[in-house]
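The values are calculated or read from the model by the stated rules, or taken from the named source; none is laboratory data. Being a predicted model, the structure only gives us computed values, none of them experimental. We place every Cβ from the backbone using ideal geometry, glycine too, and count neighbours over all the protein chains shown. With ligands, DNA and RNA removed, areas are computed over all heavy atoms of the protein, side chains included. Shrake-Rupley method; radii C 1.70, N 1.55, O 1.52, S 1.80 Å.
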Amino acid sequence: MKQLKFLFYLLLGLLTVLLDVSFFSSFEIYGASILTSFIAMVIFAIRDNGDDYAYFGLLQVILFAVFSSLPMGVIALNFFLLPIGLNIIAKKYFPEPNNFTILFYLVAATFLFDFILLVWSSEWNASSFLAVGYFTAINSMVGWFVYYVIDLLKKKYTFSSKIKI
Amino acid sequence: MINLETMNRRAKTLLFIIFGTIILALAISPSFQSRAKSLFTRTTTGISIRLENFSHRVRRTFSFWTNISELKKQNEELSRKIISLQVDSSQIEELKNENALLKKELGFIEPSEIGTLVPAKIIERDAATFSDEITIDKGEKDGIVKGVAVVSNNILIGTIKNVMSDTSKILLITSKDSIIQAMLQNSRSKGILRGGISGLYLDDITTDTTYKIGENVVTSGLGGDIMSGMLIGTAGKLESASSSIFKTISVEPLVDISSLELVFVKK
């Protein structure tokens, strides 16, 4: 991994976690808020052809363990193992994902993320399931929008570079 | 000669070992975790405060436009409540005077003052669902100790869970891990206040208890951690079945914790 890439991961990881704990956590809908650190993790896991995303995952585990009160096992499962599983499925079944596939990944990943938290909290009631639903919906939409913007910028940049050549 | 690929692989292996060691240390050693939290929070407090302030400004802007019609209704309701409270206040004043006189006659020692209140700014909130904790910008250096009550407008919102040198973590009453000894103010029936994503509930109330919806729920002082009489919320409807051994009552909190910016810690 290049040094610049590592620095980018470090800064992005810190920025997303700070945004999560100090900005987005104030905007709650039925207990669910936007979790940019996890969205960034999922996007890297889908797009990365190598294994660099796993190091971003380890970094997020450390940062989330510091800033959150969740147990280490739950954090490691959600920020490291879950994205690895996602990457394996992405490489094997959908190596060239389109917009709908990305949405499917995001819905599945965010649902599993909050469902694992639900299992940990053992609060089996209607409000909890509603919170999981809202979390999945909000973060899938935000994640899909972010992925769309990144993809658009990447295509535009590649197109401009080709014209210059 | 070592090629680039080998160097890259070695660097990645080293990175993996470093990260793995840090994660293991965070998982196994609570003191390492506490020191790491303290270090990170100290370095990022400035940014956290600015982000938190910005989020409240955005919230207020949006809520103003969406709540205009609600505001008028609330205004009228509050005006009526003020008049009713003024009447209650004067009656309470009378009772206080009578109480003081009676205590003097009987030779009671006056209870100590409530204690010092330390104001603290909220700098972080736990981002994960099902976890209700907030971090404030006061810690051990400011005299904060574990287990003390945290209030807003003299209403209990949580207790101090962890104390670091510059910051502290508050376990909110809405957290599923929160257990507060509480009681219904009028009927004096004691129970346990529990939090969770579905709301606040007062458990273990005896079945012969009669109460009114809207009755104040206050701390009972049992256990000695939190003084008695601190307002928490108001009693809602009965949630338990009629055949249950104990009653469970829902509790409406009086403070919107998500919009809080400043809290006070009892020293």
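Structure summary
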| item | result |
| --- | --- |
| Hits in region A:26-38 - residues which are touching a residue at least 24 places away in the same chain (Cβ under 8 Å) and open to solvent by 30 Å² or more (accessible area, probe 1.4 Å) | A:I29, A:Y30, A:I34 |
| Helices (runs of 4 or more DSSP H) completely within region A:1-77 that count 2 or more residues being under 24 Å from B:N53 (Cα atoms) | A:3-22, A:36-47, A:52-67 |
| Residue in region B:29-45 that is open to solvent by 30 Å² or more (accessible area, probe 1.4 Å), outside any helix (DSSP H, G or I), of a type in the set (S, T, Y) and free of Cβ contacts under 8 Å to residues at least 24 places away in the same chain present | yes |
| Criterion (touching a Gly at 6+ places or on another chain (Cβ under 9 Å) and closer than 30 Å to B:L51 by Cα) met by exactly one of B:I257, B:I205 | B:I257 |
| Residue in region A:107-130 that is within 14 Å of the chain's Cα centre (by Cα), among the aliphatic types (A, V, I, L, M) and open to solvent by less than 30 Å² (accessible area, probe 1.4 Å) present | yes |
| From B:G236, B:G224, residue being surrounded by fewer than 19 Cβ atoms within 10 Å (Cβ to Cβ), small (G, A, S) and in a strand (DSSP E or B) | B:G236 |
| Filter result for the condition that a residue is over 28 Å from the mean Cα position of the chain (by Cα), open to solvent by less than 100 Å² (accessible area, probe 1.4 Å) and within 11 Å of chain A (Cβ to nearest Cβ), over B:I68, B:I49, B:I18 | B:I18 |
| The listed residue being within 22 Å of A:W144 (Cα to Cα), facing chain B (nearest Cβ under 7 Å) and either open to solvent by 20 Å² or more (accessible area, probe 1.4 Å) or within 12 Å of the chain's Cα centre (by Cα) (or both), out of A:F23, A:F8, A:F44, A:F79 | A:F23 |
| Selection count, region B:239-259, where residues are modelled with pLDDT of 90 or more, more than 26 Å from B:V151 (Cβ to Cβ) and open to solvent by less than 80 Å² (accessible area, probe 1.4 Å) | 1 |
| Filtered residues of region A:47-75 (kept if of a type in the set (F, W, Y), in contact with an Asp or Glu (Cβ under 9 Å, 6 or more places away or on another chain) and at the interface with chain B (Cβ under 9 Å from one of its Cβ atoms)) | A:F64, A:F67 |
| In region B:138-166, the residues that are among the hydrophobic types (A, V, I, L, M, F, W, C) and open to solvent by 60 Å² or more (accessible area, probe 1.4 Å) | B:V145 |
